[in-house]
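Colleague: First the structure, then my questions, so here it is.
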2 protein chains.
Amino acid sequence: MTDFAATRALFHLPEGVIYLDGNSLGPLPVAAEARAAQVLRKEWGDRLIRAWNDADWTTLPARVGDRIARLIGAPAGSVTTGDTLSIKVFQALAAALALRPERRIVLSDTGNFPTDLYIADALTQALNRNLEVKVVAPEQVANAIDDSVAVVMLTQVDYRTGRLHDMAALTARAHAAGALTVWDLAHSAGALPIDVTAARADFAVGCTYKYLNGGPGAPAFIHVAPEHADVAQPILAGWFGHDAPFAFERGYRPAPGVERMRVGTPPIVALSILDAALDAWDHVDMADLRAASIRLSERFIREVEAHCPQVTLASPRDPHARGSQVSFTHPHAYAVMQALIARGVIGDVRAPDVLRFGFTPLYLTEDEVAQAAAILADILATGEWDQPHFHQRANVT
Amino acid sequence: MTDFAATRALFHLPEGVIYLDGNSLGPLPVAAEARAAQVLRKEWGDRLIRAWNDADWTTLPARVGDRIARLIGAPAGSVTTGDTLSIKVFQALAAALALRPERRIVLSDTGNFPTDLYIADALTQALNRNLEVKVVAPEQVANAIDDSVAVVMLTQVDYRTGRLHDMAALTARAHAAGALTVWDLAHSAGALPIDVTAARADFAVGCTYKYLNGGPGAPAFIHVAPEHADVAQPILAGWFGHDAPFAFERGYRPAPGVERMRVGTPPIVALSILDAALDAWDHVDMADLRAASIRLSERFIREVEAHCPQVTLASPRDPHARGSQVSFTHPHAYAVMQALIARGVIGDVRAPDVLRFGFTPLYLTEDEVAQAAAILADILATGEWDQPHFHQRANVT
């Protein structure tokens with residue numbers, strides 16, 4: 001049984017804050033501070049260039065990848081880390097398209113995160129082979145899969161509503177039509193149990209700064225199914241994905257397996273911090289995590305619906321159809337969220353009217369969730385949110 | 001007059017080491033440690049998601065870019081930071097090629113860093129428009145520029161020999177033929193005065209972990225000349241390059257200027273460390289740096305040639321035709337370098353036979369250079385290098 005009081009103690013949680021935004025930026029793991037100090041002073045500082053060997057920097061992307069692999073049901077050696085999620089989407093989609101040269105449709109949905117669609121648009125235009133990105137409503141994806149589709153590219157959990165796609169069913173449907181899949185796990189890795197192997201996902205990518213708590217702009221990950229890993233052609237043919245980077249050969253020879261999805265020099269400090277952040281997961285059973293996440297989100301919905309008639313649930317009511325976040329709509333979502341933050345309850349908003357709350361059992365208690373709901377009820381009942389400074393927009397929310 | 005004793009005090013330099021590999025990985029700036037601790041605890045830890053606004057994380061890539069701009073002669077607002085150099089080469093080359101749709105040659109040279117050529121090969125194949133990467137000898141580049149050339153893509157300083165290209169002359173030649181230029185400044189930014197504006201470079205990219213001391217795998221930079229910045233089409237259309245990332249629009253609208261060359265979520269911890277590393281440059285006059293670099297490298301060549309008949313100079317003899325590194329060849333370069341490192345003199349090797357030494361006046365003294373040459377002479381004279389353990393290869397050198 002996972003001890004969530006113990007995992008909570010692994011994080012730095014500022015006084016007076018109830019943090020319901022771990023689905024956007026996870027909190028600081030205490031171990032990350034010592035690890036950062038160590039990689040700076042003891043590795044970079046004392047060992048200088050020698051640390052590439054001494055401190056095993058060269059294998060760090062793979063070692064961190066293996067720890068993530070376990071959380072998404074991928075075999076060891078099938079995940080590597082680095083770059084950003086946008087880059088990893090680009091690599092995965094390009095590799096998948098190259099495996100289906102005769103087809104011309106990339107199928108996605110309106111619940112996908114915009115950057116995935118931007119990346120797909122620009123990539124498909126650049127490839128100059130009459131490709132088209134077709135975007136349908138989430139519930140229409142299954143029916144839109146036909147034998148014109150090269151790649152089905154979806155984010156498993158909708159960033160606005162928390163709606164959860166059935167990865168196994170949609171992948172089976174894609175395969176039956178001869179298409180491949182690219183799954184974005186940004187809002188699901190570390191949020192719920194994932195089994196990319198059982199689902200037969202072809203490519204999976206994700207970021208690590210949300211539920212995995214790797215820090216702002218932490219490195220992304222990419223998984224390539226073993227059956228594709230040795231044939232996938234890297235469009236970003238950087239030297240660290242070369243079979244022998246330090247031979248400095250004229251021609252690119254991709255490294256075996258997923259290592260070819262490395263690009264440039266790995267971000268060692270950021271990967272070390274992420275590695276320390278992943279320690280928390282050594283103590284977590286993903287089934288326990290899911291049960292706790294559902295308990296927290298169900299409690300929140302129950303309290304909010306009982307005491308906040310001003311807001312409307314925007315997430316699926318069935319907890320098994322959601323990831324680990326809950327959204328409510330309110331016409332003045334932005335100001336309401338600012339008022340909540342002023343009271344120490346941190347969530348975020350998504351335009352135009354979505355209040356978004358993430359539930360992260362690693363460091364969040366049911367008491368906090370109930371308290372957050374009560375504060376929301378108070379803010380809405382009193383109209384506390386309707387003050388000029390709460391309407392004033394900042395850059396990022 | 002730059003006070004190089006003062007800049008030396010800004011770095012953590014381990015006892016007993018003479019570091020001649022700052023052209024591969026710069027040493028730890030002392031300020032980076034406090035800054036890393038601060039961004040972790042005070043920004044990420046205490047402010048959580050709010051730090052995107054509170055701590056001005058959103059503008060960090062541009063603020064760091066402006067500090068690099070000053071070092072390469074670029075106007076403020078024309079440089080952004082993030083990703084790796086391989087990614088930035090890909091972006092710059094793709095944008096340049098899109099500006100010359102009717103031409104089919106990417107011209108580069110055998111002195112370019114292999115990853116630049118790998119990236120160009122894979123990109124040009126992917127673009128499916130009959131492009132060709134033509135690689136000539138460095139001294140043949142000027143004559144190979146004709147009106148079939150879309151882009152001249154070169155690394156200003158050769159990573160093996162230190163040979164320095166004439167950026168202004170080659171760019172003028174490219175422009176006269178109607179071609180654009182992509183300059184890789186990996187081995188020149190922070191090594192010598194650069195003026196991309198005077199040279200009329202169209203695109204310039206570079207890494208920050210060498211002479212700029214940003215740390216292992218530190219973020220890269222990209223400069224787009226103002227005349228192209230608002231028309232360059234990003235092939236990596238990530239959300240942070242969108243004009244309004246948090247509007248979550250369906251379509252990609254590039255941000256004005258070089259900001260469109262941002263891709264995913266910026267690596268805040270790594271950028272903060274780089275920002276702290278750049279403090280050292282506030283005190284440096286680039287002309288002084290160049291004079292000191294030449295003084296150090298000339299002294300090294302003089303001492304080595306006087307006392308080490310076993311090695312042969314592989315760099316241009318004219319200091320104005322070199323960057324800030326000097327290479328010598330020796331048939332057993334690898335073992336010789338291991339013996340040097342065992343004696344505390346850290347340089348590196350490049351296959352098959354190059355001993356490579358970087359000269360970095362920010363933290364290197366002429367006494368150290370003389371001492372390094374004396375140790376090399378001793379190792380070569382005694383045959384100390386010819387021991388089995390010095391021949392044993394590590395992953396990275």
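Colleague: Quote the total accessible area buried by chains B and A together, excluding ligands, DNA and RNA, probe 1.4 Å, nearest 100 Å². The partial results should precede the final answer.
Modeller: Working: alone 16420 and 16420 Å², together 25720 Å².
Approximately 7100 Å², summed over both chains.
Colleague: So what is Rg over Rh here for the range A:23-134, counting just Cα atoms and using Kirkwood for Rh? Write out the running numbers ahead of the final one.
Modeller: Values: Rg = 18.9 Å, Rh = 17.3 Å.
So for the range A:23-134, dividing Rg by the Kirkwood Rh gives 1.10.
Colleague: I want to make sure I understand the PRE zone here: with the label point 7 angstrom from the Cα of residue A:5 toward its beta carbon, which residues in the range A:276-314 have backbone N atoms less than 19 Å away?
Modeller: Once the point is set 7 Å along Cα→Cβ of residue A:5, A:283-285, A:288-289, A:292-293, A:296 turn out to lie under 19 Å by backbone N, inside the range A:276-314.
Colleague: Looking at chain A as a GNM with Cα springs under 10 Å, which of A:59, A:329, A:124 has the largest mean-square fluctuation?
Modeller: So, out of A:59, A:329, A:124, the one fluctuating most is A:59.
Colleague: Let me know the mean shielding of B:230-243 by other chains, meaning the per-residue number of their Cβ atoms within 10 Å of its Cβ.
Modeller: Across the residues of B:230-243, the mean count of other-chain Cβ atoms within 10 Å is 5.
Colleague: Rg (Å, one decimal) plus Dmax (Å, integer) for the alpha carbons of the range B:291-346?
Modeller: Gyration radius and largest Cα-Cα distance of the range B:291-346: 11.8, 32 Å.
Colleague: Might you tell me the accessible area per residue for the range A:167-226, computed with a 1.4 Å probe and given in Å²? Could you put the intermediate results ahead of the total?
Modeller: Values: 1180 Å² over 60 residues.
Normalised by residue count, the accessible surface of the range A:167-226 is 20 Å².
Colleague: I've got another one for you. If R₀ is 45 angstrom, what is the calculated FRET efficiency for the pair residue B:146 and residue B:365, using the beta carbon separation as r and rounding to 0.05?
Modeller: Working: r = 47 Å, r/R0 = 1.05.
It comes out at approximately 0.40.
Colleague: Taking the axis that carries chain A onto chain B, what is the nearest Cβ in chain A, and at how many Å, to the whole number?
Modeller: Residue nearest the A-to-B axis, with distance in whole Å: A:128, 2.
Colleague: When chain B is treated as a GNM, springs tying every alpha-carbon pair under 10 Å, which of B:216, B:61, B:361 comes out with the largest mean-square fluctuation?
Modeller: B:216
Colleague: At 1.4 Å probe size, with the rest of the protein present, what percent of the exposed accessible area of the range B:108-183 is carbon and sulfur atoms?
Modeller: Working: 1140 of 2440 Å².
The C+S portion of the solvent-accessible surface of the range B:108-183 is 47 percent.
Colleague: Give the long-range amide H neighbours of residue B:111: residues separated by 5 or more places, or on another chain, with amide H under 5 Å away, using H modelled in the peptide plane at 1.01 Å from N.
Modeller: Those qualifying (amide H under 5 Å, at least 5 residues apart or on another chain) number zero.
Colleague: Further question on the same structure: Between residue B:321 and residue B:387, what length in nm is gained on full extension when 0.36 nm per residue of separation is reduced by their alpha carbon distance?
Modeller: On the way: separation 66, 0.36 × 66 = 23.76 nm, distance 3.60 nm.
Between residue B:321 and residue B:387, full extension yields 20.2 nm more.
Colleague: Sticking with this structure for a sec: For the range B:339-370, which residues drop by 10 square angstrom or more in accessible area between the chain on its own and all protein chains together (1.4 Å probe)?
Modeller: SASA drop of 10 Å² or more in the range B:339-370: B:341, B:346, B:350, B:351.
Colleague: Moving to a separate point now. To the nearest 500 deg cm²/dmol, what mean residue ellipticity at 222 nm is calculated for the protein assembly as shown from DSSP H runs of n ≥ 4 alone, each contributing -39,500 (n - 2.57), summed and divided by the residues? Provide the component values of the computation, followed by the final result.
Modeller: Values: 30 runs with 290 residues, N = 794.
Per the formula, -10500 deg cm²/dmol.
Colleague: Using a 7 Å offset from the Cα along the Cα-to-Cβ direction at both residue B:129 and residue B:34, what is the distance between the two label points in nm, to one decimal?
Modeller: Distance between the two pseudo-spin positions: 5.1 nm.
Colleague: Now for a different question. Hey, which aspartates and glutamates would be in cross-link range of residue B:42, C-alpha to C-alpha under 17 Å, not counting anything within fewer than 8 residues on its own chain?
Modeller: Cα-Cα hits under 17 Å: A:15, A:33, B:33, B:54, B:56, B:275.
Colleague: So which trypsin sites (Lys or Arg not before Pro) in the range B:195-276 end up in coil per DSSP with only 14 or fewer other C-beta atoms within 10 Å? Don't skip to the answer; put the middle values down first.
Modeller: Details: sites: B:200, B:210, B:250, B:260, B:262; in loops: B:200, B:210, B:250, B:262.
Sparse-neighbourhood loop trypsin sites (Lys or Arg not before Pro): B:250.
Colleague: Accessible area per residue, 1.4 Å probe, Å², for the range B:1-73: what's the number?
Modeller: That works out to 37 Å² for each residue.
Colleague: State, to one decimal in nm and shortest first, how far the label point of residue A:42 sits from each corresponding label point in the other identical copies (label point: 7 angstrom along Cα-to-Cβ).
Modeller: List, nearest first: 2.6 nm.
Colleague: What's the FRET efficiency of residue A:137 with residue A:249 using the Cβ-Cβ distance as r and R₀ = 41 Å, to the nearest 0.05? Let's see the in-between values first.
Modeller: Values: r = 48 Å, r/R0 = 1.17.
For R0 = 41 Å, the calculated efficiency reads 0.30.
Colleague: Hey, could you grab the Kirkwood Rh for the range A:285-391? Inverse mean 1/r over distinct alpha carbon pairs, Å, one decimal.
Modeller: So the Kirkwood estimate lands at 13.9 Å.
Colleague: So, one more: Report, for residue B:387, each distance to the same residue's label point in the other copies, shortest first and in nm; define the point 7 Å along Cα→Cβ.
Modeller: Here residue B:387 shows inter-copy label distances of 7.2 nm.
Colleague: While we're on this one: Per residue, how much accessible surface does the range B:285-391 expose to a 1.4 Å probe? Answer in Å², no decimals. List each step's numbers first, then the result.
Modeller: Numbers: 3960 Å² over 107 residues.
Here the per-residue accessible area is 37 Å².
Colleague: Using a 10 Å Cβ count of at most 12 others and DSSP loop calls, identify the longest part of chain B lacking such GluC sites (Glu not before Pro). It would help to have the intermediate numbers written out before the result.
Modeller: On the way: sites that count: B:15, B:102.
Answer - B:103-397.
Colleague: How big is D, in µm² s⁻¹, for chain A by Stokes-Einstein at 37 °C and 0.692 mPa s if Rh is the Kirkwood radius over C-alpha pairs? Each step should come with its number before you reach the end.
Modeller: Details: Rh = 21.9 Å.
So the translational diffusion coefficient is about 150 µm²/s.
Colleague: Further, regarding this structure: Using a label position 7 Å from Cα in the Cα→Cβ direction, what is the ascending list of nm distances from residue A:195 to the same site in the other copies?
Modeller: Taking the point 7 Å beyond Cα along Cα→Cβ, the inter-copy spacings are 6.6 nm.
Colleague: Any idea what log10 I(q)/I(0) is at q = 0.20, 0.22 Å⁻¹ for the range B:212-290, Debye with uniform C-alpha scatterers and no solvent?
Modeller: Each listed q maps to, in turn, -0.95, -1.02.
Colleague: Here's something else I'd like to know. Quick one: which residues, 5 or more positions from residue B:348 or on another chain, have an amide H under 5 Å from its amide H? H modelled 1.01 Å from N in the peptide plane, none for Pro or chain starts.
Modeller: B:356
Colleague: What percent does the relative contact order of the range A:197-260 come to when contacts are Cα pairs within less than 8 Å and at least six residues apart? It would help to have the intermediate numbers written out before the result.
Modeller: On the way: 70 pairs, mean separation 17.0, N = 64.
Computed value for the range A:197-260: 27 percent relative contact order.
Colleague: Okay, moving on. Sequence gap at least 6, Cα distance under 8 Å: using those rules, report the relative contact order of the range A:285-391 to the nearest whole percent.
Modeller: It comes to 33 percent, rounded to a whole number.
Colleague: At a threshold of 8 angstrom on Cα-Cα distance, excluding pairs fewer than six apart, so keeping six or more, what relative contact order does chain B reach in percent? Provide the component values of the computation, followed by the final result.
Modeller: Numbers: 801 pairs, mean separation 87.1, N = 397.
Dividing the mean separation by the residue count of chain B yields 22 percent.
Colleague: For the range B:177-237 and the range A:34-76, write down the distance between their C-alpha centroids in whole Å.
Modeller: 29 Å
Colleague: Based on alpha-carbon centroids, what's the gap between the range B:358-374 and the range A:106-132 in Å, whole number please?
Modeller: Computed from Cα coordinates, the inter-centre distance equals 52 Å.
Colleague: Calculate log10 I(q)/I(0) of the protein assembly as shown for q = 0.09 Å⁻¹, where I(q) comes from the Debye formula with a single equal point scatterer on each Cα and nothing for solvent.
Modeller: Debye output, listed in q order: -0.83.
Colleague: Which one, B:148, B:315, B:188, has the greatest fluctuation when you compute a Gaussian network model over chain B with C-alpha springs under 10 angstrom?
Modeller: Checking each option, the largest mean-square fluctuation is seen for B:148.
Colleague: Between residue A:195 and residue A:110, what is the label-point separation in nm under the 7 Å Cα-to-beta-carbon projection?
Modeller: For residue A:110 paired with residue A:195, the spin-label model returns 3.3 nm.
Colleague: Spin-label point model (7 Å from Cα, Cβ direction): what's the residue B:329 to residue B:176 distance in nm?
Modeller: Label-label distance for residue B:329 and residue B:176, simple model: 3.2 nm.
Colleague: Using a 1.4 Å probe on protein heavy atoms, which residues of the range A:21-64 have at least 50 Å² less accessible area in the complex than alone?
Modeller: Relative to the lone chain, where solvent access is computed with a 1.4 Å probe, the range A:21-64 loses at least 50 Å² at A:25, A:28, A:33, A:40, A:41, A:44, A:48, A:49, A:50, A:53.
The values are calculated or read from the model by the stated rules, or taken from the named source; none is laboratory data. Owing to the predicted nature of the structure, the values given are computational and were not obtained by experimental measurement. Cβ sites come from the backbone with ideal geometry, for glycine too, and all protein chains shown count toward neighbours. Please note that ligands, DNA and RNA were not included when accessible areas were found on the heavy atoms of the full protein model with its side chains. Shrake-Rupley method; radii C 1.70, N 1.55, O 1.52, S 1.80 Å.
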